[in-house]
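Just below is one structure, and these are the notes that go with it.
The numbers here are math on the coordinates, done by the rules we state, and not lab data. What you are looking at is a predicted structure, and each value in this text was computed from that prediction instead of being measured. Here the Cβ positions follow ideal geometry from the backbone for every residue, glycine too, while neighbour counts run over all protein chains shown.
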């Protein structure tokens, strides 16, 4: 039987998980909750403080680890590996690995243990790339962000067709890991979209928590600010700053329903200037406050459709985009919105 990724991390199924030293939020699932042989051995997502470390351990299958934020230092089979934001690490079965330094700052990571034989039965073409492979480390694991989030969503929520959802999430994760770690030049762009626009969209998808501006995004993809703004809006259908806001709000809904991070911490995690700014943007987009969205989800009601959500929806007035902050950040004016627990949130 595979060991836990960290024996101190409780399963997600625990009714009241213990608050563990150094773990700010997150969950761990041991085994395949669907019981359908998807190939998942364990998985999770964690936000951890500087007092948290992972002791020496090994697994029966491959473990994929994505450093979403912060820095960690590891020893894997006697080799030292430093992981920075965006780095991905793949540890072979039976290989001893441990975090060798306590992080100097808060860090955020995804991980999954996978039985590749189970995945290979569904997709034989993936197996040859992993046969006899050593420890694998890549500095650009951004392609794994979306499949990891998809897997976390399947594990963190009781969804219908769970076996299908977990299986397809595991397959997508292994596919992208194979492309990034085992196939030279594995990163590809959609042919129908201008390569620079595809790259800009990928940056906003994978790094939506960063303080992007349109000029900064243009520099990153090698276009002028005006050319990128025009091409992005034409090919994607929305302006870059609006696309970034949508990605942040989408990620916020996942954090509100899948973690117990405080709303202020979520605002900080997603790059908003303040919790009130986050609340205004979220409420204007989703039509309920973040607190109400979380409360309805935990009560089993569709978010925003529970009693609290319906009350708040009636209070949202005059939704409109009134301008942009310096550097292209959107400013949303939603009038006066009351948050049931914290009183009114005023526009600035």
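When a/c reaches 1.5 or more, the comparison of a/b and b/c decides; with that in mind, is region 23-182 rounded, prolate or oblate per its Cα gyration tensor? Oblate.
With the Cα gyration tensor of region 109-173 giving a ≥ b ≥ c as the square roots of its eigenvalues, does the rule (a/c under 1.5 for rounded; else a/b larger than b/c for prolate; else oblate) give rounded, prolate or oblate? Oblate, since a/c reaches 1.5 and b/c is not below a/b. In this simple spin-label approximation, residue 96 and residue 79 carry label points 7 Å from Cα along the Cα→Cβ vector, and these lie 1.7 nm apart. Measuring nothing but how far apart in sequence close Cα pairs (under 8 Å, 6+ apart) lie, relative to its length, region 189-237 scores a relative contact order of 41 percent. Once the gyration tensor of the Cα atoms in region 87-127 is diagonalised, the equivalent ellipsoid follows with semi-axes of 29, 12, 7 Å, ordered largest first. Rounded, prolate or oblate: which fits region 189-237 when a ≥ b ≥ c are the square roots of the eigenvalues of the alpha-carbon gyration tensor, with rounded for a/c under 1.5 and prolate only if a/b beats b/c? Oblate, because a/c is 1.5 or more while a/b does not exceed b/c. Summarising the strand pairing of region 50-117, around 100 percent of its internal DSSP beta bridges are antiparallel. Under Stokes-Einstein, with the Kirkwood radius over Cα pairs standing in for Rh, what whole-number D in µm²/s applies to region 167-297 at 10 °C and 1.306 mPa s? Translational D for this selection: 97 µm²/s.
Which FRET efficiency value, to the nearest 0.05, do you get for residue 246 and residue 298 by plugging their Cβ-Cβ distance into 1/(1 + (r/R0)^6) with R0 = 30 Å? Computed FRET efficiency for residue 246 and residue 298 comes out at 0.80. Short-range pairs are left out: with C-alpha atoms under 8 Å and at least six residues apart, the relative contact order of region 23-182 is 27 percent. Between residue 139 and residue 60, the simple label model (points 7 Å from Cα in the Cβ direction) yields a spacing of 3.7 nm.
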